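Presented below is the structure to which this report refers.
The values are calculated or read from the model by the stated rules, or taken from the named source; none is laboratory data. Here the structure is a predicted model, which is why all the values come from computation and not from measurement. Every residue, glycine as well, gets a Cβ built from its backbone with ideal geometry; the counts of neighbours run over all protein chains shown.
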Amino acid sequence: MIERWASDLKKAGHKEVGGVLFGEQIAEGDFRIVEATRQRFFGGTATTFNRRGGAARKEILALHKKFGGNPERFNYFGEWHSHPNAPAWPSRQDETTMYNLLADQGEAVNFLVLIIVKLDRDARFHIGATTYLASGHKLNCEIDVEGAERDVAGAALSDEEDEK
Ligand SMILES: [Zn+2]
């Protein structure tokens, strides 16, 4: 997954790319990202990522189907996008978007994760993750990259809480 991200970012150059994340709950508060979609018709400019709401909804529905309609275990997990021209942490606009998305999900989803990826000038891969809670809090999120043969990234919610 990381390799695919890195090569995607290379191709996208200075444009932002992104998509939705689908996760599997392995244990309480412990998740594995099973899929990260990449929006095909991408309208991002160098500084703003235009999330395609309609396309994202379709992707989420398709993923629910693919994973057997088992939302307790497999569910919409959040969003990812790149920050080619900014550090790998969320912008104010990103945070607003995440809280709006959470509000849209209603009570079915009580948190969403935002992953921001970036290739720096030396082609080093950076990844930052934040968890947004329906309560209005946010948590730093730990990302463990599992072995390449499994091609997945896992995320564990940490207790560390940001000042808001
Ligand atoms: Zn952003």
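Cβ separations smaller than 6 Å between residues 6+ apart or across chains give the following pairs from region 77-95 residues that are within 9 Å of the ligand (Cβ to nearest atom) to residues that are part of a loop (DSSP other than H, G, I, E, B) and of a type outside the set (A, V, I, L, M): His81/Glu16; His81/Phe49; Ser82/Glu16. Selection over region 1-34 of residues that are surrounded by fewer than 21 Cβ atoms within 10 Å (Cβ to Cβ), charged (D, E, K, R) and outside any strand (DSSP E or B) gives a count of 7.
Got a number for residues in region 51-76 being of a type in the set (A, V, I, L, M, F, W, C), buried (at least 16 other Cβ atoms within 10 Å of the Cβ) and free of Cβ contacts under 8 Å to residues at least 24 places away in the same chain? So the count comes out to 1.
Here is a yes/no grid of residues against (1) within 15 Å of the chain's Cα centre (by Cα); (2) at pLDDT 90 or above; (3) not polar (S, T, N, Q):
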| site | (1), (2), (3) |
| --- | --- |
| Arg40 | no, no, yes |
| Gly53 | yes, no, yes |
| Ala56 | yes, no, yes |
| His64 | no, yes, yes |
| Gly68 | no, yes, yes |
| Trp80 | yes, yes, yes |
| Asn85 | no, no, no |
| Gln105 | no, no, no |
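Applying the criterion of at least 1 residues that are of a type in the set (Asp, Glu) to the strands (runs of 3 or more DSSP E) found wholly in region 49-137 leaves 74-82.
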